[in-house]
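The next block holds one structure in the form of structure tokens; read it before the comments.
The values are calculated or read from the model by the stated rules, or taken from the named source; none is laboratory data. From a predicted model like this one, the values you see are computed outputs, not experimental measurements. Using ideal geometry, Cβ is built from the backbone for each residue, glycine included, and neighbour counts are taken over all protein chains shown. These accessible areas exclude ligands, DNA and RNA; they are computed on the full protein's heavy atoms, side chains included. Shrake-Rupley method; radii C 1.70, N 1.55, O 1.52, S 1.80 Å.
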Amino acid sequence: MKAAAVAPILGESACIQALRRQITRVAPLDGPVHVRGETGSGKELVARACHDASRRPEGPYVAVNCGAIPRDLVESELFGATAGAFTGARARDGHFSRAHGGTLFLDEVGELPRPAQAALLRVLETGEVTPLGADRTRRVDVRVVTATHRDITEMVEAGEFRRDLLHRIAPLVLDVPSLRARVEDIPLLAEHFLGGTGLRVSPSGLRALRRHAWTGNVRELRNVLLRARAAHALDDDADLETLEPSHLGLAQNDALAGPAPRAPSRDLQPLREVITAYARSAVEAHQGNLRAAARALQVSPTTLYRHLHRVDTAMPARG
């Protein structure tokens, strides 16, 4: 059977070309695939490419962010539920049933609570799901692709993730490179995100993009360019077709992350505002997942929440 073409994963860097070759080889094997990569690097695009190049491209493709499901609803969301299985429950199919005959992509699988991990392991071993409240199982034919930005091996050692489940979900592993590892792809990606707008990034703008830290990877690049389009539209003095560094809004973040210190300025924002803005951008980069953002920033969720909702208070006067 001839494999379908791999979904477009843009880039001509060596690491992206290698990734496309790996997808072409792995996708037709039909076993579980685990995709590793930083937040925003394009893990879902890789998962979709695995589906498109698999033996079941005409089947459904269902994507689920495990970190966005309330912990007490995970099993009903994944496996379904009968009416009355819990307070307010209505009969419903879970994501496994919806993906029957196709691919189920479980993003941020490391966020699953331990009971759901055990249930997922059982489904992968038996090919059957048991909806909450049901006394019968259902056969499902689903190719499972998982992903996480965390190191699941470290989670196993810390007792946060089942070792046997790791062995089940990761017989085949694909590593997605960060944008920092392929900065030569930035002009092509920028052209793609600006397609149809009539805009282009100036040479100095491209240099600014290449220097940026890109902790949010390709997703951050897309968001930067979306904001740049708005800034350009509001700039009466802007060239009609060109985005300049001033439109990109990278100076503040690069001043925080870059190695070269800058001279103090009377126009600097108060530190509390910078920290709050940075905290909000981290949560946005993790799609609203407070716990994941806190881990990335190496602070507790409580500390991150405090920075997100900081209320200014007047400092007492000194006598």
Most to least accessible of Asp175, Asp235 (protein chains only, probe 1.4 Å): Asp175, Asp235
What is region 1-73 by shape, rounded, prolate or oblate, if you read a ≥ b ≥ c off the alpha carbon gyration tensor as root eigenvalues and call it rounded for a/c under 1.5, prolate for a/b larger than b/c, and oblate otherwise? oblate
Per-residue counts of other Cβ atoms within 10 Å, averaged by peptide: what ranking do you get for 214-227, 13-26, highest first? 214-227, 13-26
What is the gain in length, in nm to one decimal, between Val156 and Ala277 on full extension, counting 0.36 nm per residue of separation less the C-alpha to C-alpha distance? 40.2 nm
Charge dipole (debye, nearest 20) of region 72-205; +1 at Cβ of Lys and Arg, -1 at Cβ of Asp and Glu: 400
Result for region 30-165: accessible area per residue, probe 1.4 angstrom, in square angstrom, of 44
Quick one: how many Å² of Asp236 are accessible to a 1.4 Å probe, rounded to 10? 150
FRET efficiency for Asp237 and Ala134, using Cβ-Cβ distance with R0 set to 51 Å, rounded to 0.05: 0.20
Quick one: grab the alpha carbon gyration tensor of region 141-197, order the square roots of its eigenvalues as a ≥ b ≥ c, and give me rounded if a/c is under 1.5, else prolate or oblate depending on whether a/b is larger than b/c. prolate
Per residue of region 278-283, in order, report the coupling 6.51 cos²θ - 1.76 cosθ + 1.60 (Karplus, θ = phi - 60°) as ³J(HN,Hα) in whole Hz, putting x for Gly and Pro. 5, 4, 5, 5, 5, 5
Probe 1.4 Å - accessible area at Phe79, Å² to nearest ten: 10
Karplus (6.51, -1.76, 1.60) ³J(HN,Hα), θ = phi - 60°, over region 215-232, in Hz, Gly and Pro reported as x: 5, x, 6, 5, 4, 5, 4, 4, 5, 4, 6, 5, 5, 4, 4, 5, 5, 5
Tensor-based shape of region 106-265 (alpha-carbon gyration tensor, a/c under 1.5 rounded, otherwise prolate or oblate): prolate
Under a 1.4 Å probe, counting only protein heavy atoms, Thr276 has an accessible area in Å², nearest 10, of 20
List the residues whose amide H sits under 5 Å from the amide H of Gly94, counting only those 5 or more places along or on another chain, with H placed 1.01 Å from N in the peptide plane. Gly80, Ala81
Between Asp141 and Thr197, Cβ-based FRET efficiency (R0 51 Å, step 0.05) works out to 0.75
Sorted by accessible area (1.4 Å probe), largest first, how do Tyr305, Tyr278, Tyr61 line up? Tyr305, Tyr278, Tyr61
